[in-house]
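The structure appears right after this line, and notes come after that.
All of the numbers you see were taken from the coordinates with simple rules; none came from a lab. Predicted model only: the values in this text are computed from it and were never measured. Glycine gets a Cβ as well: all are built from the backbone with ideal geometry, and neighbour counts include every protein chain shown.
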Amino acid sequence: TFAIPLGAMRASQVVEIRLLDEYGLPAEQIPRYVVTVLEDQIPEVASRLQGIGVAVTPNASLPIRGTATDDNGLARLYVELVLDDSARVDVDVDLPDNGELNTDIDLALLNEQGILTAAPGQTLGIVVKATDHFDLQSEVTTPGKETLSQTRPARQRPLFGQGQAQQLSIVTPDQLLVLLDRQELEQRQRLELITTELEQMRDLLQNIRANLQALDSPNALKSNARNTQLVSLPQVGDAQPTLNARQEVQRRVAVWTQQCVLQSDKSDQELASLASRVDNLRMQLVNNRIDSLDRQARLQSNVFEPLRSLLENEYEQLQAQLLGLTAAVNSGDGKSETQATIAQLDAVLLRLEEIKSSMLDMESFNEIVDLVRGLLEDQEQLLDATEQEQRKRILDFLQ
């Protein structure tokens, strides 16, 4: 038996064993062994800020969610914070048990401890970083005989893995409320666009119903339905043209039905995204510690929860009706299914109008808040001017 000292290996190697007798004659076979080294990977970090937008207040709590893993285990996990051109601040985070990253960075607490001094007008850079237990030297030398010795340069690699870096603007609570107002109005405009597209889908369903009804009337005239016209069916006596016309109408109805299904799926995703964005607005109020319980309750009760309920009930029923309509149209029927689908779509549109009405009320409320906010700013400017005038008078008196 014998041993081959390979030392610390940073790369895979091929080992050949040559046997020589006392007269220097080699063996006919040369055993070859491949020693494979699994390359150490840098830590993988995927992080995001949950319930935080592009701006935060100095008292904000930053919820960081995501994953942090390494093939051989993490040695350290921390959040790097940088204010403008100031020195960076590292906040250590507990190592996750199953790779789940779930931590909160409290800016207010860091300000109280003097670790980080965040003030309105500054920019905060934040990134999550992780290091592993990699501690090999920059050079690997294999001891032993001269024929087995080899020196390999270490592969250059980062000392850490990091998630996506983000920059946040530090603003006052009033400034953040103005930004949230604008975002809320943008979501209302998105809801109006979704409603308009669903109303166009209703017009298409009405055209489908009219075309299906026209199949029962051989003397059907051209319709003035919106966006399309019905095919004029010939007399019953002309069998072949009637068959061709029926096939054309059925083909057109099938295409329209498929368009309705695609539009329904598109609007479903957009409404789900809208509900998520509205909930994000509410979470920004909570995470930035802004005292606006009425606004939070309004976003939660009048917009987010109705949207989620709509998607789980009326809208799900609408999609089921569209699937039933598609099957009926493919089998050559579908008049009753079309009527039921239109009725279900009307129920969805009614709920959307109620939600949109709530958001319109919010817009009026926001206008009032903006007016009050402007009055408060004018009052603050007046108080500052008064204090400066009083200081000037005192200095003049002392002189």
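What's the extension gain from Gln381 to Leu395 if we count 0.36 nm per residue and subtract their Cα-Cα distance?
This chain segment gains 2.9 nm when fully extended.
Please work out how much length the chain gains when fully extended from Ile17 to Ala327, using 0.36 nm per residue of separation minus the C-alpha to C-alpha distance, in nm with one decimal.
Values: separation 310, 0.36 × 310 = 111.60 nm, distance 7.19 nm.
Here the segment from Ile17 to Ala327 would lengthen by 104.4 nm.
Could you compute the net charge surrounding Ala27? Neighbours are other residues with a C-beta less than 9 Å from the C-beta of Ala27; K and R count +1, D and E count -1.
-1
Please give me the summed charge of the neighbours of Ile170: other residues whose Cβ is under 15 Å from its Cβ, Lys and Arg +1, Asp and Glu -1.
-3
Between Glu44 and Gln388, what FRET efficiency comes out of the Förster formula 1/(1 + (r/R0)^6) with R0 = 35 Å and r the beta carbon distance, rounded to 0.05?
0.05
In nm, to one decimal, how far is the modelled label at Ala75 from the one at Val91, with both set 7 Å along Cα→Cβ?
The answer from the label model is 2.4 nm.
Take the Cα of Ile115, step 7 Å along the line toward its Cβ, and report every residue of segment 88-105 whose backbone nitrogen sits under 20 Å from that point.
88-97, 101-105
Between Phe134 and Glu354, what's the calculated FRET efficiency when r is the beta-carbon distance and R0 is 35 Å? Round to 0.05.
Efficiency computed from Cβ-Cβ geometry: 0.05.
With a point put 7 Å past each Cα toward its Cβ, work out how far Thr36 is from Ser169 in nm, to one decimal.
5.3
Could you check the spin-label model distance between Lys335 and Val54? Points 7 Å from the Cα along Cα→Cβ, value in nm.
Simple spin-label model gives 5.5 nm for this pair.
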